[in-house]
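**Q** Starting off with a structure, shown below.
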């Protein structure tokens, strides 16, 4: 790649070929994102770049090498876009994926339908992607984010601070287990939302290396069928939700029947499953009985 340092498009083409050979699903996108990061510019400005100096080219080559080793793109750039906000991410926290944007969107729609100041609880909050998106898009909502892992909690607090500085409302941050969180809100919550761990122990080898090798195991694996934490979240939601309130929970595309069944077993009604952006079953929702 050093022979092509003066021509960004050649750098990108060479990186794209290398990343494709490494099994990256979106090699050209990743190659462009990494070059933009190495140049400290938005990706949209790449077309205006006519040359890359040697130091920047060397930095880019290092980034491409690490990405070819399946280090997550977001760990290399230090951030990820999620709906209408930007989040800082890195080692120690689960990187939010595009499918979780659907989860957040459903939670926001349900919360908006409840009134002017809905109470929303995000269990297993991780980086705070869902909670902070709710606060960003619904400034009147009272939002609480619950996360147990200290490493993830640091990223959550950092992102919450950044969003406050950007003008968004603050959120409540709570270090606690999802099973016992927020007893002071029992019966007062309008929407509980969660992207919990949902990988079955036996399925861990099926997960992409970026996730398996770099995301915290605590944020991935949830027992023999992958639903251990979904069941905990459902039980907590039954305690927290007001009559008629909603639970929205992400699950794997292999749990399109079992995850909704878990919500029904917990006592929720009007249970249904929604599809992600790729048309796969990924989001279970259920309503707290009215009485």
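**Q** Looking at 199, 189, 232, 211, which one is in the same structural domain as residue 140 (by TED's automatic domain parsing) and touching a helix residue (DSSP H, G or I) at 6+ places or on another chain (Cβ under 6 Å)?
**A** 189
**Q** Quickly run through the range 182-207 and pick out the residues that are without any contact (Cβ under 8 Å) to a residue 60 or more places away in the chain and over 16 Å from residue 148 (Cα atoms).
**A** Those that are without any contact (Cβ under 8 Å) to a residue 60 or more places away in the chain and over 16 Å from residue 148 (Cα atoms): 184, 186, 187, 199, 200, 201, 202, 203, 204, 205, 206, 207.
**Q** Going residue by residue through the range 141-153, is there one that turns out to be under 19 Å from residue 169 (Cβ atoms), assigned to a loop (DSSP other than H, G, I, E, B) and touching a residue at least 24 places away in the same chain (Cβ under 8 Å)?
**A** Checked the range 141-153: at least one residue is under 19 Å from residue 169 (Cβ atoms), assigned to a loop (DSSP other than H, G, I, E, B) and touching a residue at least 24 places away in the same chain (Cβ under 8 Å).
**Q** Quick one: what pairs do we get from the range 19-35, first residue on the phi > 0 side of the Ramachandran plot, second surrounded by fewer than 21 Cβ atoms within 10 Å (Cβ to Cβ), C-beta under 8 Å, 6+ apart or different chains?
**A** Once the first residue is on the phi > 0 side of the Ramachandran plot and sits in the range 19-35, its partners that are surrounded by fewer than 21 Cβ atoms within 10 Å (Cβ to Cβ) give 23/70.
**Q** Would it be correct to say that residue 113 is under 30 Å from residue 288 (Cβ atoms), loosely packed, with under 14 Cβ neighbours inside 10 Å and modelled with pLDDT of 95 or more?
**A** Yes.
For (1) under 27 Å from residue 217 (Cβ atoms); (2) in contact with a strand residue (DSSP E or B) (Cβ under 6 Å, 6 or more places away or on another chain), each residue gets a yes or a no:
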position: 105; (1), (2): no, no
position: 111; (1), (2): no, yes
position: 136; (1), (2): no, yes
position: 139; (1), (2): no, no
position: 151; (1), (2): yes, no
position: 155; (1), (2): yes, no
position: 158; (1), (2): yes, yes
position: 163; (1), (2): no, no
position: 169; (1), (2): no, no
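**Q** Let me ask you something else. Surrounded by 13 or more Cβ atoms within 10 Å (Cβ to Cβ) and either part of a helix (DSSP H, G or I) or in the same structural domain as residue 198 (by TED's automatic domain parsing) (or both): which single residue out of 31, 47 fits that description?
**A** Just one listed residue meets the conditions, 31.
**Q** Let me ask another. Could you tell me whether any residue of the range 242-260 is touching a residue at least 60 places away in the same chain (Cβ under 8 Å), surrounded by fewer than 17 Cβ atoms within 10 Å (Cβ to Cβ) and over 27 Å from residue 114 (Cβ atoms)?
**A** Within the range 242-260 (the criterion being touching a residue at least 60 places away in the same chain (Cβ under 8 Å), surrounded by fewer than 17 Cβ atoms within 10 Å (Cβ to Cβ) and over 27 Å from residue 114 (Cβ atoms)), the answer is no, since none of the residues qualifies.
**Q** Return the pair list, or none, for Cβ contacts closer than 6 Å from residues in the range 160-181 that are in the same structural domain as residue 222 (by TED's automatic domain parsing) to residues that are in a loop (DSSP other than H, G, I, E, B), at least 6 apart or on different chains.
**A** Matching pairs, first to second residue: 160/128; 160/171; 164/170; 169/139; 177/148; 178/124.
**Q** Starting from residues that are outside any helix (DSSP H, G or I) and closer than 16 Å to residue 62 by Cβ, keep the ones in the range 1-23 and report whichever is modelled with the lowest pLDDT.
**A** 1
**Q** Part of a loop (DSSP other than H, G, I, E, B), out of contact with any helix residue (DSSP H, G or I) (no Cβ under 9 Å at 6 or more places or on another chain) and in contact (Cβ under 8 Å) with a residue 12 or more places away in the chain: is that true of residue 115 in this structure? Steps first, please.
**A** Numbers: part of a loop (DSSP other than H, G, I, E, B): yes; out of contact with any helix residue (DSSP H, G or I) (no Cβ under 9 Å at 6 or more places or on another chain): yes; in contact (Cβ under 8 Å) with a residue 12 or more places away in the chain: yes.
Answer is yes for this residue.
**Q** Given the criteria in a loop (DSSP other than H, G, I, E, B), under 18 Å from the mean Cα position of the chain (by Cα) and closer than 30 Å to residue 184 by Cα, does residue 226 qualify?
**A** In short, yes.
The values are calculated or read from the model by the stated rules, or taken from the named source; none is laboratory data. Note that the structure is predicted; figures quoted are calculated from it, not measured. Glycine also receives a Cβ, built like all others from the backbone with ideal geometry; neighbour counts cover every protein chain displayed.
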